[in-house]
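*Asks:* Below is a structure I'd like to ask you about.
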Amino acid sequence: MNKKTICITTLEYPPDIGGVGESVHRIAQMLVSSGYEVHVAVFRSKQRLVDDGSVRRASCKTRFQDGVFVHRIKSAVRDDLQEIQDFFSDIYFQLNFLHHQYNFDLFHAFFLNETGYVTTLLAKENDLPVINSVRGADLHKHIFNPKNHAQIAWVLENSDWVTFVSQDLRKRANAIAPSVKLKSSVFWNSIAPINFTKLRTPPLVSELSGIIIGSSGRFRDKKGIEFLLDACSELIKEIDLTLLLIGNFVEKERKYWQQELKQCCLGSRLRITGITTRQEALAYLPHLDIFAIPSLTDGCPNALLEAMLAGCAIVGTRVDAIGEILEDGVDGLLVNPGSSAELKTALLSLAIQPQLCKQLGAAAKIKAQQKLHPSIEKQNWIDIYQQVLTTSATATLPEVSLV
């Protein structure tokens, strides 16, 4: 049997920072270990502009990285205002060139409205199967841009298969493109085992006091951090606590978050690590009394899975995979998104019941080890790939009579 050649398209890939990149890397390794030849094409529209007024040709730089062919594509910059259609045209040309060079058997795009569109168009023109994977922001945020709606709907309708990391995301996709319900599946991200005892104690731990409440990630609009700030500002009137934010706020929202931080009443009891390595971020988790993930929308966040594996007592919101993975009162506490009052109540409940913290944390760790193990996600992907490739191979075009 000939080795099948897969082309995955994505907005980011390690060493780029981001959850989508981490997921694509994990999935690419699963496919390589299952006998596929895997190519990852990385591109995003944010890279189409330059700050220094320089110009450049379109390019594609290829590197063999951890058994995967990684192609980093850049569009040309010919003037100060690089139009989005010029970007997509350049990307399509480079991606098509890669296809003629490597003869891909299947395309797989992560994110609908950039990678998904150009990838699906190329696949359909070459009569090749295409899988699109919805990660969260594409249907929770970008769908509300009227310019994106028709494009996203077209991608969903023309996919051979669509995957989702939460039932909420599939429900929205079904509303946009009803055919999705017949060619889609939902399953969570996975997380590989981590030995937290071998991680070096991070620098801020010795400076934290009271009940340590933590959250981690790239903090932005969807993360609901303002409601956590409000909850802790009220909670500190009743208990001694420190709120530790492991990560930092995204640059484009910095002015907003500076205002939020200025208005909260935590003072020195709020600590922000800034951008850290993943190893350092993980090392903080065993030192937390409570892990809070107050997201308004969030797909299937890696931060949740890492906290579960660390055995943290977790307070999360009833959104996306957070509300699907955690069972309220069994392996975490769930609150409604956007409610500072509910967050405060849940955090206080855990703060005054250390035994409950231990109980919920232990149950969360067991669930992560058993139901979020990479072997489960790997089998889900292999099943989908085999099904899509088999269906494509057996499909026959109708005969056309020439008159």
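Throughout, read-outs are computed from the coordinates displayed, never taken from laboratory work. Keep in mind the model is a prediction, meaning the values are calculated, not measured. Cβ placement follows ideal geometry from the backbone for every residue including glycine, while neighbour counts extend to all protein chains displayed.
*Asks:* For the ranges 311-323, 84-96, 40-52, what's the packing order if you count other beta-carbon atoms within 10 Å of each residue, average per peptide, and put the highest first?
*Replies:* Order by mean packing, descending: 311-323, 84-96, 40-52.
*Asks:* Return the calculated 222 nm mean residue ellipticity for the chain, to the nearest 500 deg cm²/dmol, obtained by summing -39500 (n - 2.57) across DSSP H runs with n ≥ 4 and dividing by the residue count. Display every interim value, and only then the final one.
*Replies:* Working: 14 runs with 163 residues, N = 403.
Mean residue ellipticity, 222 nm, calculated: -12500 deg cm²/dmol.
*Asks:* Further question on the same structure: Under a point spin-label approximation (7 Å from Cα along Cα-to-Cβ), what is the ARG218-LYS198 distance to one decimal in nm?
*Replies:* 2.8 nm
*Asks:* Could I ask something else about it? Can you give the local net charge around HIS149? Use residues other than it whose beta-carbon is closer than 13 angstrom to its beta-carbon, Lys and Arg +1, Asp and Glu -1.
*Replies:* For residues surrounding HIS149, the net value is +1.
*Asks:* Explain nothing, just the number: relative contact order of the range 81-209, from Cα pairs under 8 Å at least 6 residues apart, as a whole percent.
*Replies:* It comes to 18 percent, rounded to a whole number.
*Asks:* Nearest-5 percent of antiparallel DSSP beta bridges in the chain?
*Replies:* DSSP beta bridges in the chain are roughly 15 percent antiparallel.
*Asks:* Take HIS373 and ASN336, extend 7 Å from each Cα along the Cα→Cβ direction, and tell me the distance between the two endpoints in nm.
*Replies:* 3.8 nm
*Asks:* Would you list MET30, MET308 from fewest to most Cβ contacts within 10 Å?
*Replies:* So the ranking, lowest neighbour count to highest, is MET30, MET308.
*Asks:* If you don't mind, another one. In whole Å, how far is the Cα centre of the range 139-209 from that of the range 352-397?
*Replies:* Each part's Cα centre sits 14 Å from the other's.
*Asks:* Check each of the trypsin sites (Lys or Arg not before Pro) in the range 214-254 and keep only those in coil by DSSP with at most 12 other C-beta atoms within 10 angstrom; list them in order.
*Replies:* Sparse-neighbourhood loop trypsin sites (Lys or Arg not before Pro): LYS237.
*Asks:* Could you please report the charge total around LEU241, scoring K, R as +1 and D, E as -1 over all other residues with beta-carbon less than 15 angstrom from its beta-carbon? List each step's numbers first, then the result.
*Replies:* Working: positive: LYS237, ARG269, ARG271, LYS344; negative: GLU207, ASP230, GLU234, GLU238, ASP240, ASP289.
Surrounding charge for LEU241 is -2.
*Asks:* Under a plain spin-label model, where a point goes 7 Å from the Cα along Cα-to-Cβ, how far apart in nm are VAL205 and ASP383?
*Replies:* Rounded to a tenth, the inter-label distance reads 4.0 nm.
*Asks:* Between the range 32-58 and the range 247-325, what is the C-alpha centre distance in whole Å?
*Replies:* Rounded to whole Å, the Cα centres lie 29 Å apart.
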